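Take a look at the structure below.
Each reported figure results from applying straightforward, stated rules to the coordinates on display, with no laboratory input. Worth saying up front: this structure is predicted, and the values here are computed from it rather than measured. FYI the Cβ positions are ideal-geometry reconstructions off the backbone, even for glycines, and counts take in every protein chain you see.
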Amino acid sequence: MAKRVNAAPILQFDLGRYDGPVYQRLYLALREAVLEGRLPPGSRLPSSRALAEELACSRNTVVTAFDQLHAEGYLDRQVGAGSFVSKILPEELLVARPQPSNNARKAVAPRSLSPRGAVLAASRPLAAVAQARHRAFLPGLADPEHFPFDLWSKLLTRTWRRPPQSLFMHGHPAGLPALREALAAHLIRARNLDCTAEQIIITTGAQQALALAAQLLLSPGDEVWIEDPGYPGLRGPLTAAAAVGRPVAVDAEGLSVAAGRLRAPKARMAVVSPSHHYPLSVVMSLSRRLELLDWARQHTAWIIEDDYDSEYRYAGRPLAALQSLDSPQRGGAGRVLYIGSFSKTLFPSLRLGYLVVPADLAERFVAARHALDDHSSAITQPALAAFIGEGHFATHLRRMRKLYGERQAALLRIAGERLADLLEIKPDEAGLHLVAGLGAALTGRMNDQQAVAAAARAGISVDALSRYYLEAPARQGLLMGYAAVPEETMAGACDRLAKSLRESLRS
């Protein structure tokens with residue numbers, strides 16, 4: 001069989017056309033020859049020694065040019081054979097390929113996910129973020145317009161104008177010590193928690209806090225009581241931990257422990273929002289709290305207390321946290337882990353929350369946090385520590401509590417005038433939204449999801465209560481957020497909502 005010979009071409013180019021050192025000019029000349037096709041893919045270049053003699057330059061100059069072309073993908077080297085022009089050039093890799101048609105996409109079998117991945121990928125977000133400023137009546141949205149951003153900017157600048165070297169390094173897995181100290185003092189004072197800074201772990205929000213707790217305290221297949229209806233965002237972390245959520249009915253006193261015992265008698269955890277249930281706004285009674293704690297003690301189970309918006313209470317003092325009844329120092333069994341977030345009290349993009357764990361678990365939780373994702377961003381933690389520690393947080397909460405209380409009263413008054421036969425809205429002692437039942441004009445003629453669609457046609461954002469149920473909805477209604485809606489815009493929004501609902505009834 002004849003031996004295949006790929007002879008090196010004779011290169012003819014004028015290096016004087018280019019600027020720079022000789023190796024740079026040679027690199028540019030060779031690259032141009034490749035791109036113009038004068039050196040086609042697969043062709044062999046002269047040896048570095050032969051090319052150096054031809055160009056009357058040093059061999060190192062040629063080797064340097066070859067090295068750069070090889071590093072950028074223009075040349076391939078074959079041991080014992082020499083250097084060859086690559087068959088696939090870098091420019092080809094950068095060219096955008098036409099996307100396959102819809103028909104072609106359908107012909108390709110979808111890639112499979114794990115069972116857990118499929119559940120997570122199928123989850124739907126709640127109401128979309130409002131595109132317009134103060135869009136009524138998006139639930140769960142606080143008003144960022146009244147946050148003291150000038151003060152916040154000064155606190156950020158105080159740290160980052162001349163930051164200490166420690167802030168450039170990896171932070172503590174549990175968060176900035178100054179923030180944990182300030183937060184512990186606030187929780188003891190405002191929520192009656194029994195905790196120290198060492199028990200607090202700073203997270204990116206409530207969902208990461210629950211994810212950490214679920215991964216450390218649950219085994220795959222463990223059952224967990226979850227409120228039905230309840231906040232869907234807390235289901236994902238349980239699914240990711242391979243736990244099995246068991247919906248448990250919520251009545252006028254909160255999650256029904258009796259129903260939970262029947263539904264999942266061997267459950268290892270309960271996730272509850274006792275101070276202000278989402279979305280029904282129920283407050284768990286003292287007798288129900290004690291019953292839940294007794295269940296956890298009997299079954300060595302865990303309770304996750306989601307205290308997402310207890311700061312916004314408009315009648316009387318905020319209720320003490322469930323964790324305060326379970327402290328070992330106060331005679332409890334230490335089965336409650338407390339979760340909080342700054343999404344509602346400050347602003348969602350801050351992406352900071354926290355988890356308060358029993359003292360005997362703190363060291364192991366910190367080690368696990370380090371193993372999973374090291375630590376939360378330290379960019380805003382010093383400013384938040386100062387914001388809390390210097391009293392600005394408490395001042396901000398008092399101001400917003402007054403504003404949101406006034407806006408709730410305004411919505412009740414205006415909706416009572418303009419939506420009386422369409423929606424039944426009752427006051428709430430806390431929170432950022434009201435639950436509106438379907439009124440006489442809608443009952444039996446429209447469900448809550450149809451009402452949501454009608455509201456959307458009028459540019460109004462509300463959410464259907466039925467979407468929060470895992471099982472058959474026991475109630476129909478609309479969640480109407482008021483916190484981010486200025487009073488002067490409420491009348492017009494209620495008028496548009498009423499008009500759209502009546503038009504939908506006629507169609």
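Quick notes on this one:
- Over the chain: helical MRE at 222 nm, DSSP H runs n ≥ 4 each giving -39500 (n - 2.57), nearest 500: -12000 deg cm²/dmol
- In degrees, nearest ten, helix 206-217 long axis to first principal axis of the chain (Cα): 90
- To the nearest ten degrees, helix 448-457 and the longest principal axis of the Cα atoms of the chain are 60 degrees apart.
- Estimated vicinal HN-Hα couplings, Hz - the range 252-260 in sequence order (Karplus 6.51, -1.76, 1.60; Gly, Pro = x): 5, 10, x, 4, 7, 5, 4, 5, x
- Our Cα-only numbers for the range 15-93 put the radius of gyration and Dmax at 11.9, 35 Å.
- Here the dipole of the chain is about 780 debye; that uses its Cα centre as origin and unit charges on the Cβ of Lys and Arg (positive) and Asp and Glu (negative).
- Matching label, volume of the Cα convex hull per residue in Å³ computed from the structure shown, candidates [x] 229; [y] 155; [z] 269: [z]
- Simple label model, 7 Å out from Cα along Cβ direction - Thr204 to Ala258, nm: 4.3
- In plain terms, the chain from Asp360 to Glu417 could stretch by 15.0 nm, reckoned as 0.36 nm per residue minus the Cα-Cα distance.
- Based on Cα contacts under 8 Å between residues 6+ apart, the chain shows a relative contact order of 16 percent.
- Between amide H atoms placed 1.01 Å from N, distances below 5 Å from Arg246 occur with Val224, Trp225, Ile226, all of them 5 or more places distant or on a separate chain.
- Once the Cα atoms are used to define both axes, helix 392-418 deviates from the longest principal axis of the chain by about 70 degrees.
- Paramagnetic label zone (point 7 Å from Cα along Cα-to-C-beta, Lys266; backbone N under 13 Å) in the range 217-236: 219-224
- Each residue of the range 324-334 was assigned a 3J(HN,Hα) from its phi angle through the Karplus expression (A = 6.51, B = -1.76, C = 1.60, θ = phi - 60°), giving 5, 7, 10, 5, x, 5, 10, x, x, 9, x Hz with x at Gly and Pro.
- Net charge dipole, the range 164-391: roughly 240 debye, given to the nearest 20, about the Cα centre with Cβ charges of +1 for Lys and Arg and -1 for Asp and Glu.
- Spacing of the modelled spin labels on Glu145 and Arg330, each 7 Å from Cα toward Cβ, amounts to 3.9 nm.
- Gain in span if fully extended, Ala185 to Ala474, counting 0.36 nm per residue against the direct Cα distance: 100.0 nm
- Computed from the Cβ-Cβ distance with R0 of 41 Å, the FRET efficiency linking Ala178 to Ala453 stands at 0.25.
- Segment Arg49-Leu167, extension gain: residue separation times 0.36 nm, minus the distance between their alpha carbons: 37.2 nm
- Across the range 369-381, rounded Karplus estimates of 3J(HN,Hα) from the backbone phi angles (6.51 cos²θ - 1.76 cosθ + 1.60, θ = phi - 60°) give 4, 5, 5, 7, 8, 6, 6, 6, 4, 8, 4, 9, 4 Hz, Gly and Pro being marked x.
- Using only alpha-carbon positions in the range 164-391, the gyration tensor eigenvalues give semi-axes of 28, 20, 16 Å once each is multiplied by 5 and square-rooted (largest first).
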